[in-house]
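A quick write-up on the structure given underneath.
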Amino acid sequence: MVVLYGQARSRRDIAAHTGSLSQFAGVRLMTLGDGVERGVRLLEFRTGSGLRFTVLVDRAMDIADCEHDGRSVGWHSPSGFRHPGLHDYEGEGGLGWFRSFSGLLVTCGLDHILFMDEDAADHYVYAPRQSVKSSLHGRIGTIPARLTGYGERWDGDECWLWAEGTVQQSTVFGEDLHLIRRIEAKVGSDEIHLHDRVVNHGFYRTPHMYCYHINVGHPVLAEGSRYVAPIRDVVWASHAGDDYRRQGVGYRTMPAPQRNFHEQVWQHEMGADDAHHVPVALVNEAIGFGFEVETDKRQFPAMYEWQNLQQGHYALGIEPSTNHVFGKPFAKQRDELIWLEHGEERRYDSIFRILPDAAAVAASIARIEGICRQPDSDYPNPSGTFRPIVRE
């Protein structure tokens, strides 16, 4: 049954009350028309529960806006949802990525994540290509998708909104990786289901790295908001050492927007439940509102926390990743880099969950603490212990 306005309704009952489901919920294709966003196609999802989010078809089918009952969840940066045709991937020494960085979800990959890197390219068997230069977080986030379908799907008296597309990161004498992304949201629910497949469509043995940059903004993020996660170990912090407490911000409790704040990044070793699920949440208990990300530990064995608490840029990032925070050189050194042969693929299945009230926030905290209680201190000493990543 579909739950709308506090009542369980059958498909027949919903049809009897309107000429179209779109009166209550739906997904529709639109195009932005002004400024740096002009020409970007997006899909607007409305589940009928108060959840509304948009999918940027022309930017890897990433999620831009996200709100619940008019309260924002996803972060909007000053960059806006910039048209990919304006993007200069190799600009600013590899930092041009920041000029297209905005929204709830920005996908990083498909063959590179994290900071800039130059890697040997002998696996592409083309003498003029001696190396592959990668800018920050890879190419995939500003590549338009080929939209293969969207709409509504009824399963008995349950209805799912869905969209699917293919994003190709391809070149001659180099990688030919395809991201096949399906996004689903059940009518009446507060959840976004993300299903990704990354397939090597080419015939060169190709490296693969993958990360979600999930960016939560105000009012979920506010003074006193808490990062809640089943942390077994705080592995690393970008500011560890003499500067560890200098900005007065630890990993767990968030401050109000700060002037001249320098970003802080952490890597945590997470526990998982019996089904390998890793739930991580940002909660604002003062207003009974939160956001939770649930990933699969076998798919994303590493997890980063990004704190961008500068005034005007105020965001908290939840970042599940295939690899440790030191990137491709570290992964190659430890023999942890994924290599895909022709036709091989990796799958990633995640849930983004709105916590719309105090009861949902409390239930999320209890579920997470049932897996593992995180450190009570906001400043636990990073262990420096990067556990081996074992692929299943």
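The values are calculated or read from the model by the stated rules, or taken from the named source; none is laboratory data. Everything numeric here is computed off the predicted structure, so don't read it as measured data. Neighbour counts are summed over all protein chains in view; Cβ atoms, including those assigned to glycine, are modelled from backbone coordinates with ideal geometry. Side chains included, ligands, DNA and RNA excluded: accessible areas come from the protein's heavy atoms. Shrake-Rupley method; radii C 1.70, N 1.55, O 1.52, S 1.80 Å.
For the stretch 49-60, 3J(HN,Hα) computed residue by residue from phi via the Karplus equation (6.51, -1.76, 1.60; θ = phi - 60°) reads 8, x, 7, 9, 8, 10, 10, 7, 4, 8, 9, 6 Hz, glycine and proline entered as x.
For the stretch 365-381, backbone phi angles converted through the Karplus equation (6.51, -1.76, 1.60; θ = phi - 60°) give residue-by-residue couplings of 4, 5, 5, 5, 5, x, 7, 6, 7, 6, x, 6, 6, 6, 10, x, 6 Hz, Gly and Pro being listed as x.
Computed from the C-alpha gyration tensor, the three semi-axes of the ellipsoid equivalent to the stretch 38-123 are 29, 13, 12 Å, from longest to shortest. Counting lysine pairs in the chain that sit 8 or more residues apart in sequence, or on different chains, and whose Cα atoms lie under 28 Å apart gives 5. Computed over the stretch 213-370, the P(r) tail beyond 20 angstrom holds 53 percent of alpha carbon pairs.
Rolling a 1.4 Å probe across the protein heavy atoms gives the chain an accessible surface of 41 Å² per residue. Each listed q (0.21 Å⁻¹) maps to a log10 I(q)/I(0) for the stretch 140-254 from the Debye sum over equal C-alpha point scatterers, namely -1.14.
Projected over every direction and averaged, the convex hull enclosing the alpha-carbon atoms of the stretch 277-392 yields 9.8 nm².
Each semi-axis of the equivalent ellipsoid for the chain is √(5λ) with λ an eigenvalue of the Cα gyration tensor; in descending order they amount to 32, 28, 20 Å. Between 233, 296, 378, the GNM of the chain built on Cα springs shorter than 10 angstrom shows 378 fluctuating the most.
For the chain, the relative contact order works out to 15 percent when only alpha carbon pairs closer than 8 Å and six or more residues apart are counted. Note on the chain: GNM, Cα springs under 10 Å; of 214, 365, 14, the largest mean-square fluctuation is that of 14. Taking amide H as placed 1.01 Å from N in the peptide plane, the amide H of residue 244 sits under 5 Å from none that are at least 5 places away or on another chain. In whole Hz, what ³J(HN,Hα) sequence does the stretch 170-176 give by Karplus (6.51, -1.76, 1.60; θ = phi - 60°), x for Gly and Pro? Computed from phi, the couplings for the stretch 170-176 are 9, 8, 7, 6, x, 6, 9 Hz. Listed peptides 191-197, 83-89 appear in the order 191-197, 83-89 once ranked by packing, highest mean of other Cβ atoms within 10 Å at the front. Sorted from greatest to least, the principal axis extents spanned by the alpha carbons of the stretch 1-68 come out as 43, 22, 18 Å. For a 4.7 Å threshold on C-beta separation, the list of partnerless cysteines in the chain reads 66, 159, 372. Our summary of shape: the Cα atoms of the stretch 74-142 have principal axis extents of 42, 19, 18 Å, ordered from largest down, in whole angstrom. Per-atom-type breakdown for the chain gives carbon and sulfur 47% of the accessible area (1.4 Å probe, protein chains only).
Relative to the Cα centre, the charge distribution of the chain, modelled as +1 at Lys and Arg Cβ and -1 at Asp and Glu Cβ, gives a dipole magnitude of about 400 debye. Positive end of the dipole of the chain (Cβ unit charges, origin at the Cα centre): among 100, 308, 151, the Cα lying farthest that way belongs to 151.
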